Amino acid sequence: MAVAGLAFVLVLVSVFVFVVFVHATVRSMRVTSVIETIHHETLRSIDAVFPPRDHDCVLRPLVEVGTYLATGTVFLEVHGGSVPATREILGCLDLAAVRTLYQDAR
């Protein structure tokens, strides 16, 4: 009798685990769940790559992503707050000699 009772409990646990697994799988395939996951991962990545600044200002780019910039070209405006040091501003930007696949939105 004890073995039959144990087997019954194990079957109940197995069915419960299976239902939870199916529910989690179906939920992870929903579009809203995928978008929500991407949203949270994007915010975490932004915080990791570009930590919060203490200047309470807004940086407004004057050129589009992927635009060639000659030396001395003004490409950014700073609005409000105090103006950060040039090194801090450059730390918020991704500047390279060529555009990458991720920068080329068109």
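Overview of values
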| read-out | value |
| --- | --- |
| Residue count, the stretch 35-80 (criterion: more than 24 Å from residue 97 (Cβ to Cβ), in contact (Cβ under 8 Å) with a residue 24 or more places away in the chain and either among the hydrophobic types (A, V, I, L, M, F, W, C) or not in a loop (DSSP other than H, G, I, E, B) (or both)) | 1 |
| Answer from 17, 31 - the residue that is surrounded by 10 or more Cβ atoms within 10 Å (Cβ to Cβ), more than 25 Å from residue 100 (Cβ to Cβ) and outside the structural domain of residue 100 (by TED's automatic domain parsing) | 17 |
| Residue under evaluation residue 3, criteria (1) modelled with pLDDT under 90; (2) loosely packed, with under 10 Cβ neighbours inside 10 Å; (3) assigned to a helix (DSSP H, G or I), criterion not met | (1) |
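The values are calculated or read from the model by the stated rules, or taken from the named source; none is laboratory data. Remember, it's a predicted structure, so these values are computed and weren't measured experimentally. With ideal geometry, Cβ positions are generated from the backbone for all residues, glycine too; neighbour counts draw on all protein chains shown.
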